[in-house]
Amino acid sequence: MAMNRAIWGARRGLLAPRRSSPAAVYRRAAAANYSTSSPSPPSSSSPASQRVPSKTSAPAFAFAFDIDGVLLHVAEPIPGAKESLRFLHDNNIPFILLTNGGGKREADRVGFLAERLGVPLSTDNFVQSHTPFRQLVDGGEDGGLRDKTILVTGSDYERCRAIAREYGFRNVVTPADLLAAEPTLFPFRSLAELQQGATPLPKPLYDGSKSSLELESSLKIDAMFVFDDPRDWAVDIQIIMDLLLSHRGYLGTLSPKNGDASLPGCGWQQDGQPPLYFSNGDLVWAAKYHLPRFGQGAFQAAVAGVWDRYTGGHPLRRTVIGKPAGETYRFAERVLTSHRHETLRRMGLHEPPALRSVYMVGDNPESDIAGANGHVSEAGTQWVSVLVKTGVWNEERDRGVLVGRKKPGVIVDDVREAVKWALWRERWEGLWKGE
Ligand code: G3P
Ligand code: MG
């Protein structure tokens, strides 16, 4: 839809990290023909060819770090993560954290991450999967959703509501609100009952007895948002399906256009139903378990599967942001650019050099790597994809997936080697004092 087009323009085998030199890492990568999207390396790594940057030099490069599988395994820092971020912070080298995770207010998650990673962080250099949703408060062809009614779901309904309200959405409804107002919506016991909190609905639910003239006084949902990984798939799928099949988003109605073969798309999603947004398409992610775990992408597949079965194979129209979506990378570059300007301004550099390169350090070829490789920067910044081995990608099992956009610029062991490699490529390696 036009509104969207306008806006949304392992295995962990490295717990004992190897101590390869960046040059050796690069040579290994080059020998394995992984250096696909990155330009030629420096012709020499001898000290004579190195710049001698200092804390007051302005780097023409920056970093974007994935979190799960690169910096953390759930709450535990991955070896090398703390020292890498500390190094960048202490040397005024700008970076952002760009995660497909979410479900907490940005300020809360940043506070947690700063404590776990031992480095100052702020919401100015932090993008969660759902952060770009804030653009829909006032953006889009309908003038935004600020005063419309939206449905939000995710791991914790109240936290999702709090995030949405903080973004500026004023009328936020959760599945728990709907079940509290009408328990027969879902005929089984649900986890929603265990979640604390339900807010009275802004309007009563349509109960099947009103005429179409009276419909306006019933609850109408104008958009649906999945903020992070839902816990109660059954309830959420039921409610999302109800709205996808409704007349104009009035929950409890059924569109007469559904399945009408004389209409485009057999009438499915042709009756003003609310658009459906997912914040993250990751099928799997790197948690603490030794094998990848299902993420929000699995929930999306479940919704799409039920839709496919219900409609006899009609495609489900939805918008998915988060990595690798272009909109998320464009958003991230704007955030990084403004954070970088502020960082360099504090150093007294009011006219910093153009941002030449961003090193996207990620563990997931499908999201981190594909997104960085596919991103076309409006400012001409080159995004260099760096794949680490501490997350979902497994060297033995998954080598075959590294094709096309999923082929990284370089593969390194972990985040520490990623930073060292980038510094070497930028001829800033002289600054690195660690191993
Ligand atoms: O739910 C978290 C996940 O899908 C991935 O997070 O930090 O690896 O992008 P991250
Ligand atoms: Mg990750």
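The values are calculated or read from the model by the stated rules, or taken from the named source; none is laboratory data. Please read these numbers as outputs of a predicted model, since none were measured by experiment. Cβ: placed from backbone, ideal geometry, glycine included. Neighbour counts: every protein chain shown. Just so you know, the surface numbers come from the protein's heavy atoms only, side chains and all, with ligands and any DNA or RNA stripped out. Shrake-Rupley method; radii C 1.70, N 1.55, O 1.52, S 1.80 Å.
Miscellaneous remarks
- Length gained when the stretch Thr184-Ala75 is fully extended (0.36 nm per residue, less Cα-Cα span): 35.4 nm
- Solvent-accessible area assigned to carbon and sulfur over the chain amounts to 53 percent, based on a 1.4 Å probe.
- Seen from Ser246, the other residues with C-beta closer than 10 Å to its C-beta sum to a net charge of 0, counting Lys and Arg as +1 and Asp and Glu as -1.
- Three principal axis extents of the chain based on alpha-carbon atoms, in descending order, are 83, 47, 42 Å.
- Computed E for Leu263/Met241 - FRET, C-beta separation, R0 22 angstrom, nearest 0.05: 0.70
- Within region 283-435, DSSP assigns beta bridges of which about 20% are antiparallel (rounded to the nearest 5).
- Taking only alpha carbon atoms, region 254-401 gives an Rg to Rh ratio of 1.11, where Rh is the Kirkwood radius.
- Placing a pseudo-label 7 Å from each Cα along the Cα-to-Cβ vector at Lys288 and Ser211 gives an inter-label distance of 6.1 nm.
- The chain: antiparallel DSSP beta bridges as a percent of all, rounded to 5: 15
- Taking label points 7 Å from Cα along the Cα-to-Cβ direction, His350 and Glu166 give a separation of 3.4 nm.
- Accessible surface, per residue, of the chain when the full set of protein chains is kept, probe 1.4 Å, Å²: 42
- Ser338-Asp398 FRET efficiency (beta carbon distance; Förster radius 35 Å; 0.05 resolution): 0.50
- Note that region 365-373 has calculated 3J(HN,Hα) couplings of x, 5, 10, 4, 6, 4, x, 5, 5 Hz, one per residue in order, obtained from phi through the Karplus relation 6.51 cos²θ - 1.76 cosθ + 1.60 (θ = phi - 60°); glycine and proline are x.
- Most positive-pole-ward Cα, Val320, Ser357, Leu387, against dipole of region 317-395 from beta carbon charges: Val320
- A protection proxy built from the mean count of other Cβ atoms within 10 Å ranks the segments 378-389, 407-418, 218-229, most packed first, as 407-418, 218-229, 378-389.
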